[in-house]
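Beneath this line is the structure, given in structure tokens, with notes to follow.
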Amino acid sequence: MLVIVFFFILGLAFASVKENNSLQMGTAVSPEMLETRWSQEYKLCLPGMVDKLNINTADQKDLEALPGVGEKIAQEIIFYREKHGLFQTTDEIVKVSGIGIKKLNQMKEFIRVE
């Protein structure tokens, strides 16, 4: 058991060294600092906590952060947008190959069009 705890602590130490922006024990941290860090790390995780993603201007990385969207579907969204023009409504995203009603319902609360 002691060996497991040792390796766990050793792993945490290496992870904190690898990450230059990690929080250090014993340092004062304000809620604003945590909010800034969490908003960067956990983008689009909580409905209503961040702005909705404009699917007409989002890049591949941002699209991949949407629920149910991976690399291929993000590429399909961009391809559709380039070929057919901007989306007029969020529901129009179901015309993209690989997106149906189920995926639309997963991402609907996170997307918008402008």
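The values are calculated or read from the model by the stated rules, or taken from the named source; none is laboratory data. Please read all numbers here as calculations on a predicted model, not as lab measurements. Every residue, glycine among them, receives a Cβ derived from its backbone with ideal geometry; neighbour counts consider all protein chains shown.
A few remarks follow.
- Within segment 95-112, tally of residues that are under 14 Å from residue 66 (Cβ atoms) and without any contact (Cβ under 8 Å) to a residue 60 or more places away in the chain: 11
- Scanning segment 52-94 for residues that are in contact (Cβ under 8 Å) with a residue 24 or more places away in the chain and either assigned to a helix (DSSP H, G or I) or exposed (fewer than 11 other Cβ atoms within 10 Å of the Cβ) (or both), we see that the one that is farthest from the chain's Cα centre (by Cα) is 88.
- Every residue from segment 34-64 that is farther than 17 Å from residue 113 by Cβ and modelled with pLDDT of 90 or more: 60, 61, 64
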